[in-house]
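Notes for the one structure printed next.
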Amino acid sequence: LPARKGVAIGRAAARLRERKNDGLARRGVVFLDPASAWVDWAVDIGPRTVIYPSVCIEGETNVGADGRIYPHVHIISSTVGARVKVLSSTVMEDTVLEDDVQVGPFSRFRPKTRVCAGAKVGNFVEMKNTVFGPRSKAQHLSYLGDSRVEEDVNVGAGTITCNYDGVSKNPTRIGAGAFIGSGTELVAPVEVGRGAYVAAGSTITKDVPAGALAIARAR
């Protein structure tokens, strides 16, 4: 009986997937391989968005129009704006991607993260409880946790917010137009001011004033 029940559930799920994908396709969503795309019943997707093979979209998720969701993407209970590209093997939960954002491949977005309009987040970048400002960029190999990043910030490769001190989670704030050099550790709580420049390889433990250059390297 358990085996028969499992077969019946699988067949029912396949039928529901087929009905859901057909309904979205009639509204203008493009499925390149409907048989391999799993879209939950509560998901809504805007017209002209292309869903590539092996995509899984779960929960009460909304995806805007004219987007691209590439293979092996997993989206859970999130909001994705218009004209968004989610590149391959990206995972997100309880996340908001605003309009004209590009993320991935291999990005991870944990709960309470918002990537603002026009921002780019690249490969092997993880964010948690973070607001990432308009047109800001974090293109590779970084972790931003409990952070507030304003507009037009560049986050260099290998940047880490050291947000956990063993007892509490602490915030990091980065002002508009700041440049964070590669291999930087931002030891929270800490703030980098607007237009500031943090040199590559620095460990920042004190606030950096607006417009300042911070260099903090071990000799």
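Overview of results
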| quantity | calculated |
| --- | --- |
| Solvent-accessible area per residue, Å², over the chain with all protein chains present [probe radius 1.4 Å] | 49 Å² |
| Which of V63, I76, T90, positive extreme of dipole for the stretch 44-110 (C-beta unit charges) | T90 |
| Whole-Hz couplings from phi, Karplus 6.51/-1.76/1.60, listed for the stretch 72-80; x for Gly and Pro | 6, 7, 10, 10, 10, 6, 9, 10, 10 |
| Lys, Arg +1 and Asp, Glu -1 on Cβ, resulting dipole of the stretch 20-167 about Cα centre, debye, nearest 20 | 300 debye |
| Lys/Arg +1, Asp/Glu -1 at C-beta; the chain dipole; positive extreme among V190, T161, N21 | N21 |
| Sequence-separation-based contact order of the chain, relative, with Cα cut under 8 Å and 6+ spacing, percent | 8 percent |
| Pairs of lysine residues in the chain - Cα separation under 19 Å, sequence separation of 8 or more or cross-chain | 11 |
| Neighbourhood net charge (12 Å Cβ-Cβ; Lys/Arg +1, Asp/Glu -1) for E191 | +2 |
| Rg/Rh ratio calculated on Cα atoms of the chain (Kirkwood radius) | 1.09 |
| Positive minus negative residues near Q102 (Lys, Arg vs Asp, Glu; Cβ under 14 Å) | +2 |
| The chain: angle of helix 2-26 to the longest principal axis, Cα-based, in degrees nearest 10 | 80 degrees |
| Cut-off 13 Å between beta-carbons: net charge of the residues surrounding V153, Lys and Arg +1, Asp and Glu -1 | +2 |
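The values are calculated or read from the model by the stated rules, or taken from the named source; none is laboratory data. The structure presented is a predicted model; accordingly, all values stated were derived computationally and were not measured. Methodologically, a virtual Cβ is constructed for each residue, glycine included, from the backbone with ideal geometry; neighbour enumeration extends over all protein chains shown. Just the protein is used for accessible areas: all its heavy atoms, side chains included, with ligands, DNA and RNA removed. Shrake-Rupley method; radii C 1.70, N 1.55, O 1.52, S 1.80 Å.
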